[in-house]
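Inspection log for the structure reproduced underneath, given as structure tokens.
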Amino acid sequence: MRFNPLWLMLLFLFLFSGGWILLMPLFLMMIVFCGGIFLAGASARGLTKAPRQIWDMLFDARVRANLTLCHAACNVLRRNGWPGLTGSASAAGFFIDGIDDENAVYEASVQALARLKSGEKSLRILPESPVFRVIAMGLSALPLVVLLAAAGSANAVSVVAAVVLSWFVAPYVAPFAQGIALSGSDVTGLQVQGAAFRVFTATALGGRFSSVERGVEVSTAAENVIEAEIVED
């Protein structure tokens with residue numbers, strides 16, 4: 001099937017005539033994925049996990065607690081000579097990308113948990129967090145796009161400019177977003193169980209594109225909980 005330039009012309013007219021507003025969800029997806037990969041410094045696998053991470057963080061207190069501990073552990077590791085570390089969390093624990101020292105991560109996690117329990121709330125803020133950079137980009141770009149639409153000055157060029165501007169604003173907005181999202185997280189009921197080195201690989205388009213994450217996975221559990229094994233007679 002040959003390419004018809006008419007489709008390109010129609011697309012150009014559609015975008016620059018104001019019809020682009022119907023593509024708002026697509027622009028937001030571009031902010032989250034493309035913007036996050038190239039501007040927020042996240043890996044491709046990290047960005048594919050971003051929607052699930054944000055959803056779980058909003059509705060699962062355990063994920064918020066583990067993400068808070070993940071940020072705190074990254075901050076402790078940074079002060080111990082491991083700069084630029086980031087991670088993601090789940091209900092079972094968290095994963096710190098870019099480090100292979102299991103003992104260092106375990107000790108930093110235990111220390112971070114103790115300091116959080118003692119009231120050191122500043123540890124929960126991790127400026128390098130790619131997920132919160134992406135959230136900050138979305139929160140910064142959306143009001144700009146709405147203002148452009150209200151003023152009748154919205155087009156594809158102005159939307160791209162708003163996204164680029166949101167990238168510059170994101171590092172300043174991300175800490176506030178973390179403070180709000182993680183302020184209610186309670187880590188007092190957590191305990192660190194263990195840490196293990198992991199390698200995760202994600203592929204797309206039949207293996208033409210791949211992303212590899214190497215790091216340490218930390219498992220957590222509720223404090224003072226004894227796991228029982230059920231034995232059937």
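The values are calculated or read from the model by the stated rules, or taken from the named source; none is laboratory data. Computed from a predicted model, the values in this text were never measured in an experiment. Cβ placement follows ideal geometry from the backbone for every residue including glycine, while neighbour counts extend to all protein chains displayed. Only protein heavy atoms, including side chains, enter the accessible area calculation; ligands, DNA and RNA are left aside. Shrake-Rupley method; radii C 1.70, N 1.55, O 1.52, S 1.80 Å.
All conditions but one from (1) touching a Gly at 6+ places or on another chain (Cβ under 9 Å); (2) open to solvent by 60 Å² or more (accessible area, probe 1.4 Å); (3) assigned to a helix (DSSP H, G or I) apply to residue 82; the one that does not is (3).
Against the definition (in contact with a helix residue (DSSP H, G or I) (Cβ under 6 Å, 6 or more places away or on another chain) and at pLDDT below 85), how does residue 222 come out, yes or no?
Numbers: in contact with a helix residue (DSSP H, G or I) (Cβ under 6 Å, 6 or more places away or on another chain): no; at pLDDT below 85: yes.
Here the answer is no, as residue 222 does not meet what is asked.
Every residue in region 86-141 that is among the acidic types (Asp, Glu) and within 14 Å of residue 177 (Cα to Cα), please. Of everything in region 86-141, just one residue is among the acidic types (Asp, Glu) and within 14 Å of residue 177 (Cα to Cα), namely 128. When 41, 35, 87 are screened for being closer than 30 Å to residue 144 by Cβ, in contact with a Cys (Cβ under 7 Å, 6 or more places away or on another chain) and modelled with pLDDT under 95, only 87 passes. Taking the conditions (1) open to solvent by 10 Å² or more (accessible area, probe 1.4 Å); (2) free of Cβ contacts under 8 Å to residues at least 60 places away in the same chain; (3) not in a loop (DSSP other than H, G, I, E, B); (4) not hydroxyl-bearing (Ser, Thr, Tyr) in turn, residue 64 satisfies each one other than (2).
Within region 162-175, the only residue that satisfies the criterion of being in contact (Cβ under 8 Å) with a residue 40 or more places away in the chain and open to solvent by 70 Å² or more (accessible area, probe 1.4 Å) is 167. For region 136-161, the tally of residues that are under 24 Å from residue 57 (Cβ atoms) and open to solvent by 40 Å² or more (accessible area, probe 1.4 Å) stands at 3. Among residues of region 122-171 being in a loop (DSSP other than H, G, I, E, B), aliphatic (A, V, I, L, M) and under 30 Å from residue 69 (Cβ atoms), the one that is farthest from the chain's Cα centre (by Cα) is 125.
Filtered by the rule that a residue be among the aromatic types (Phe, Trp, Tyr) and surrounded by fewer than 23 Cβ atoms within 10 Å (Cβ to Cβ), region 85-129 gives 95, 106.
Scanning region 187-207 for residues that are loosely packed, with under 13 Cβ neighbours inside 10 Å and either modelled with pLDDT under 85 or closer than 11 Å to residue 223 by Cβ (or both) yields 188, 201, 204, 205, 206, 207.
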